[in-house]
Number of protein chains: 2
Amino acid sequence: MTEFHELSALEASAKIKSGDLTAEALMRSCFERIDERDKLVGAWSYLDKDKAISEAIKSDKAGNPGRLGGLPVAVKDIMDTDDMPTTYGSTIYGNHQPSEDADCVKNVRTNGGIIIGKTVTTEFAWRNPGKTRNPNNAKHTPGGSSSGSAAGVADMQVPLAFGTQTAGSVIRPAAYCGVVGYKPTFGTHDRKGVKELSNYLDTVGTFARDVADVSLFDYALRGQSCPNLADYDNQPPVIGLMIPFSIEASKDALLAYENVYKKAEKAGASLVDIPSSMKFESLADLQTVIMTGDAGASLSWEYEHHPERLTRFYRDSIAIGKAISESALKNAKQLADDARKREASIFEKVDILLTLPASGEAPEGIDFTGDPLFNRVWTLLGWPCINVPAGVGSRRLPLGVQVVGSAGQDASALAAAAWLEKVLGNS
Amino acid sequence: MTEFHELSALEASAKIKSGDLTAEALMRSCFERIDERDKLVGAWSYLDKDKAISEAIKSDKAGNPGRLGGLPVAVKDIMDTDDMPTTYGSTIYGNHQPSEDADCVKNVRTNGGIIIGKTVTTEFAWRNPGKTRNPNNAKHTPGGSSSGSAAGVADMQVPLAFGTQTAGSVIRPAAYCGVVGYKPTFGTHDRKGVKELSNYLDTVGTFARDVADVSLFDYALRGQSCPNLADYDNQPPVIGLMIPFSIEASKDALLAYENVYKKAEKAGASLVDIPSSMKFESLADLQTVIMTGDAGASLSWEYEHHPERLTRFYRDSIAIGKAISESALKNAKQLADDARKREASIFEKVDILLTLPASGEAPEGIDFTGDPLFNRVWTLLGWPCINVPAGVGSRRLPLGVQVVGSAGQDASALAAAAWLEKVLGNS
């Protein structure tokens, strides 16, 4: 029998609406799973079981209103919560209690979702991991920076979780943990109350165990119902095959990728080869300049007032970021703006791009959350990205493919990802 | 019986001068050792045995003139040689044959030394290691960037070798491999023909198996005879104990350090505790800004013309370095100039500083050459630094202490290091 905590958000929501499940029972089941697994996985930086259960009871009493009515939601600890401490993964903020929820957290509550706790993030959502381990194999990293959110969802401790992505912090951990990660088009969600790393790049994203769930979650935050995910059922998508940095990809990852596009072709998709280029790949350099320059400004206060509590990587990166001139940073952003316009023409002949979410399986060890190289260009371009799990590699760890859509065409990208999910037999 | 290749440079030199050893026999012995060990250690990027032996024969015939007469010398592959290819650790320069020797290489030849080959350097003497392994345990890094030079000397393949240091590229590999490394005062040796990384920081240094040998070697390059290393024999030095970033040091390293200063005190040295400070340690941030900014200029040609042959670390670092404004870089160098003057007062009350050369033993694996954190501030200050081996740690790998002298007071720093060597029973 499926335990409640194993239900997808949509399944749980349907059962709650039909009266077959209470928010309280669902929440208790999630906490049973957490109690059983938390020592091994370490997904959480803060949990308040009593409060979450009492909120679930209250939601049940009210009839679980809202698009996320009665559903448990995990919040990455880079986002402010008015009822739970928020550390941003830094000891500087070890006792920090924000007075207000981040906007995206408010949206969860407005839509009836229940905040179950805060998930582990790397320091300021960049480097220097926390305690979280990959639930598929605890010797391996879950990826980062949204480490706890990806691991908690993969481990069936919670159906829905928030992430943020500045380089590869949603898509990479989703791929490493074997869940669906969704970074919407840049600018989709307001970032008020989300600790800023780069104003030009930071994007609020979501994790769940299937495409329908991230769609439900993300569109609820927009105040909209889930888009139609069956769009490609009768007319399969035109898929552009493009792998920047393919030389860095593992054999396993490339084999899994090939398996996916062959199945897609067999199911009726049209495939179009789109070669990468040095010019296109050089956008990763631009992403680094912007991320570093912006971080030099956004973390300037921490650098000036608490240098002793910043790890070395931050000390160095912020010092360098501060030395990047305003005109060089402005110029880099202008080049990125130009690229966002110029490269949009890729989608004239394809519905979506299919690429890799990471170089391969999660690396061994938890000191390094892996390389975000396969995400950086897409984040710079601001395009919607979805990780779709695609089997396992030679170490029995998850692999994935990344669906990339045109800016603003999130519904189409999600529908294509849902179509692929069906073709792969994921759902 | 001691094999010829095991002799120190001074011992070999004495035997050559007395007629008990020929340069040819010494060179043949070194190559026997290399042939036996090169597959394991991988210290060399280029060797020409026939040429080296024929030069040794020629030197014997001429009576082995010069301060380095008949001695084999290894050249880090970041330095130009007119008779051997020079790759700077980069595939961009895979077939590069300079038309002229670097000035320091010329000085070796002028002084009768024989260039035995080129040693492995990391890419452009920064990150991304070559094939070299730690001769004490091949599973561990030898450190870098002067990887091959440190490993070759430690493995008794060659008595003398060149290094360069911009962050910690001489002292750290010396510590990891268990040899003496010497970075003289900034500006001591002309860097013409040495691939530039940072004009403000790059320093030509040397490796040998004892302090007398690095002194012989370095001062021969200056056209001077070795300074008096017995200066502290009757009047032991006043030693300042100072460990910036001590929180990053391993227990092993701190125990070895304690052992050294206690022995020094017992042997008559006066000890003065000098606390580190956040302000002092923030000079490491300045070092990063200057190194990155300078690298953005010095490697600009490679970035523009061969981006596909630069590893990711370089692509990112050069892109960031190019975005650092001239005024920010100038300002950073002004702050460093000020620090060089201001911090000199430390030596008003001590002869030398005793500190750590690295956080501990060489890390496992050869993909990362270890953290230069314990070297960066001293390199920024331009002060002379010497690694003196100081036993082994819990993994049976070498540890060391770092002697730091006042700018220009290299002879005193070397004499203190030689005194410590005696106290520790290294010589």
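A short reminder: the numbers here are calculations on the coordinates, not readings from a lab. Since this is a predicted model, take the numbers as computed values, not measurements. Heads up, the Cβs are rebuilt from the backbone with ideal geometry, glycines too, and the neighbour counts pull from every protein chain shown.
Couple of notes before you dig in:
- Dipole magnitude (debye, nearest 20) for chain A, charges at Cβ of Lys, Arg, Asp, Glu: 240 debye
- Under 5 Å from the amide H of A:GLY181 lie the amide H atoms of A:ASN387, each residue being 5 or more positions distant or on a separate chain, with H modelled from the backbone and absent for Pro and chain starts.
- Computed from backbone phi with θ = phi - 60° and the Karplus coefficients 6.51, -1.76 and 1.60, the 3J(HN,Hα) list for the stretch A:77-93 is 6, 9, 10, 5, 9, 7, 10, 9, x, 9, 9, 6, x, 10, 5, 4, 10 Hz; x is used for glycine and proline.
- Take each residue of peptide B:302-309, count the partner chain Cβ atoms within 10 Å of its Cβ, and average: the result is 1.
- With Cα atoms defining each centre, the stretch A:235-280 and the stretch A:129-173 are spaced 25 Å apart in the structure.
- Protection proxy ranking of B:267-274, B:289-296, by the mean of other Cβ atoms within 10 Å over each peptide's residues and highest first, is B:289-296, B:267-274.
- Projected label distance in nm at A:THR110 and A:LEU254, using a 7 Å step from Cα toward the beta-carbon: 4.8 nm
- For A:LYS279, neighbours were defined as the other residues whose beta-carbon sits under 14 Å from its Cβ, and their charges (Lys and Arg +1, Asp and Glu -1) total -4.
- Shortest first, B:LYS139 label-point distances to identical copies amount to 1.3 nm, with the label point at 7 Å from Cα along Cα→Cβ.
- Neighbourhood net charge (11 Å Cβ-Cβ; Lys/Arg +1, Asp/Glu -1) for B:ASN199: -1
- Pairs spanning more than 23 Å between alpha-carbon atoms, out of A:LYS266/A:LYS422; A:LYS195/A:LYS333; B:LYS51/B:LYS106; A:LYS266/A:LYS349; A:LYS61/A:LYS118; B:LYS39/B:LYS106: A:LYS61/A:LYS118; B:LYS39/B:LYS106.
- For B:LYS61, inter-copy separations between label points set 7 Å beyond Cα along the Cβ vector come to 10.4 nm, shortest first.
- Mean separation of Cα pairs under 8 Å and 6 or more residues apart, divided by the residue count, gives the stretch A:304-427 a relative contact order of 23 percent.
- Using R0 = 35 Å, the C-beta based FRET efficiency linking A:PHE368 and A:LYS58 works out to 0.25.
- Amide H to amide H distances under 5 Å link A:VAL401 with A:VAL388, A:ALA390, where only residues 5 or more positions off or on other chains count and H is placed in the peptide plane.
- Each Cα pair under 8 Å and six or more residues apart adds its sequence gap; the mean of these over the residue count of chain A is a relative contact order of 18 percent.
- Normalised contact order of the stretch A:85-230, rounded percent, pairs of Cα under 8 Å and 6 or more residues apart: 20 percent
- Computed from the alpha carbon positions, the gyration tensor of the stretch A:163-271 leads to an equivalent ellipsoid with semi-axes of 27, 20, 12 Å, biggest first.
- 3J(HN,Hα) from dihedral phi, the stretch B:161-174, Karplus parametrisation 6.51/-1.76/1.60, rounded to Hz, x for glycine, proline: 8, 8, x, 9, 9, 10, 10, x, 7, 9, 5, 5, x, 4
- Chain A residue with Cβ closest to the axis mapping A onto B, distance in whole Å: A:SER325, 2
- Couplings for the stretch B:387-393, taken from phi via the Karplus curve 6.51 cos²θ - 1.76 cosθ + 1.60 with θ = phi - 60°, read 8, 10, x, 9, x, 10, x Hz in order; Gly and Pro are left as x.
- DSSP beta bridges in the protein assembly as shown [antiparallel fraction, %, rounded to 5]: 65 percent
- Counting DSSP beta bridges with both ends in chain B, the antiparallel % (nearest 5): 65 percent
- Solvent-free Debye scattering, log10 I(q)/I(0), computed from the Cα coordinates of chain A at q = 0.12, 0.13 Å⁻¹: -0.92, -1.09
- Amide H within-cut-off set for B:LEU160, under 5 Å, with H built and near neighbours excluded: B:ALA74
- Peptides ranked, highest mean first, by Cβ atoms within 10 Å: ranges B:336-345, B:31-40: B:31-40, B:336-345
- Check: the stretch B:215-325 dipole with +1 on Lys, Arg Cβ and -1 on Asp, Glu Cβ, in debye: 80 debye
- Taking max minus min of the alpha-carbon positions on each principal axis, the protein assembly as shown gives extents of 100, 55, 51 Å, largest first.
- In this rough spin-label picture, where each label sits 7 Å from Cα along the Cβ direction, the B:GLU36-A:GLN224 distance is 7.4 nm.
- Label spacing, shortest first and in nm, from B:ASP83 to its equivalents in the remaining copies (7 angstrom along Cα→Cβ): 8.0
- What separates the Cα centres of the stretch A:27-48 and the stretch B:1-68 is a distance of 65 Å.
- Estimated FRET transfer efficiency (B:MET278, A:TYR261; beta-carbon r; R0 45 Å; 0.05): 0.25
- Reciprocal mean inverse distance between Cα atoms of the stretch B:285-338 - Kirkwood radius, Å: 11.3 Å
- Radius ratio Rg over Rh of the stretch A:21-137, counting only Cα atoms, Kirkwood formula for Rh: 0.98
- Two-decimal Rg/Rh across the stretch A:269-427, once Rg and the Kirkwood Rh are taken from alpha-carbon atoms: 1.03
- Rounded, prolate or oblate (a/c below 1.5 giving rounded, otherwise prolate when a/b exceeds b/c) for the stretch B:80-200 by Cα gyration tensor: rounded
- With a 10 Å cut-off around each Cβ of A:318-329, the average count of Cβ atoms from other chains is 6.
- Shape of the stretch B:188-337, Cα gyration tensor, a/c cut at 1.5: prolate
- Peptide B:276-288 - average C-beta neighbours from other chains (10 Å radius): 3
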